[in-house]
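Let me begin by presenting the structure, written as C-alpha cells, before commenting on it.
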C-alpha cells in the first residue's frame with residue numbers, strides 16, 4: 001500500500017532525522033484507528049509528525065518542537081541568500097576542498113552581517129562549510145572551527161511553508177507533554193530522544209542518563225515508536241536489568257526494525273526502531 005507522504009525527508013539538515021524509517025513507520029501506524037492521538041515527544045525535524053498526519057489526516061498530531069525547527073524552516077529564504085553569496089565567494093574553490101584562510105574570514109564577515117539583520121540558521125549554514133556530522137549552532141561556535149570546506153549544495157533549499165500544516169506545535173519538556181496525554185485513549189507516543197553515547201551537540205538541551213531513563217518510563221504501557229542505536233547499548237542494558245534485577249523491559253514485545261547507517265561512509269552501525277502499534 002502506497003502511503004500518502006508528501007515529505008520523505010526533512011526540508012533542512014537535522015542530526016538524526018528519521019527519513020530511512022518513514023516507510024516502515026507509516027506501514028505500522030496505518031493500521032491504527034483514524035482518531036489516534038500521536039504525541040511526538042522529541043519532535044526534532046518533525047518528519048515523523050508530518051508522516052503521521054499525512055497517513056492519518058483525521059488524527060491529532062502533537063509535535064514538540066523543542067529545538068525550534070519551525071524558525072529554521074521560516075528562515076529558508078535568508079538561508080538561501082547566504083548560500084548564494086557563499087557560492088559566489090567560493091567560486092574558485094573546488095567542491096569539498098578546503099577554503100583558503102582569507103576566504104574563510106570573508107565568509108565569517110558575510111555571515112555576521114546577516115546575523116546582525118535577522119535570524120540565521122547556523123546549523124544549515126555550517127553544514128555547507130563543515131563535513132558531516134559537524135554542525136555549529138551559533139556564530140561563536142562557527143568561528144571556533146579552524147577550517148572551512150566548500151560543501152555548499154548547488155541548489156537552493158525548497159520553501160516548506162506547508163510542512164507543519166495540521167500539526168499542533170508545542171515547545172516544552174517531554175515530561176510535561178507525556179503527563180498531559182498519558183491518560184488519553186488511543187494515544188501513540190513517538191519517542192526519538194538523543195542517543196546515548198553519541199554526539200548531541202546539535203540539540204538545545206543537556207542530555208543525561210537520568211533523562212533517558214525518564215523516557216523509558218513513558219513506554220510502560222500502550223503504543224509507541226521508540227528509536228535508538230546499537231551504539232547506545234540500551235537494549236542490552238534493559239535485557240540485563242530484566243533478567244538480573246527483575247525490572248520489566250518496556251521494549252520487549254515491540255517489533256524491531258533495523259536500518260544500516262554510516263558516518264562519513266565509513267563507520268557502520270545500526271539504527272533501530274522499536275514499535276508497538
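Any read-out appearing in this document is the output of simple, stated calculations on the displayed coordinates, not a laboratory observation. Everything numeric here is computed off the predicted structure, so don't read it as measured data. Note that each Cβ is placed from the backbone with ideal geometry, even for glycine, and that neighbours are counted across all protein chains shown.
Tabulated results
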{"read-out": "Relative contact order [Cα under 8 Å, 6+ residues apart], the chain, whole percent", "value": "20 percent"}
{"read-out": "Against the rule of thumb 2.2 N^0.38 Å, how large the Cα Rg of region 78-143 comes out", "value": "1.02"}
{"read-out": "Cα→Cβ-extended label distance, 7 Å offset, between residue 20 and residue 81, nm", "value": "3.7 nm"}
{"read-out": "Estimated FRET transfer efficiency (residue 270, residue 109; beta-carbon r; R0 51 Å; 0.05)", "value": "0.75"}
{"read-out": "More than 27 Å apart - percent of Cα-Cα pairs taken over region 1-130", "value": "36 percent"}
{"read-out": "Region 78-143 - percent relative contact order, Cα under 8 Å, separation 6 or more", "value": "31 percent"}
{"read-out": "Förster radius 41 Å - calculated FRET efficiency between residue 247 and residue 119, Cβ distance, rounded to 0.05", "value": "0.40"}
{"read-out": "Equivalent ellipsoid semi-axes - Cα gyration tensor, the chain, angstrom", "value": "36, 21, 17"}
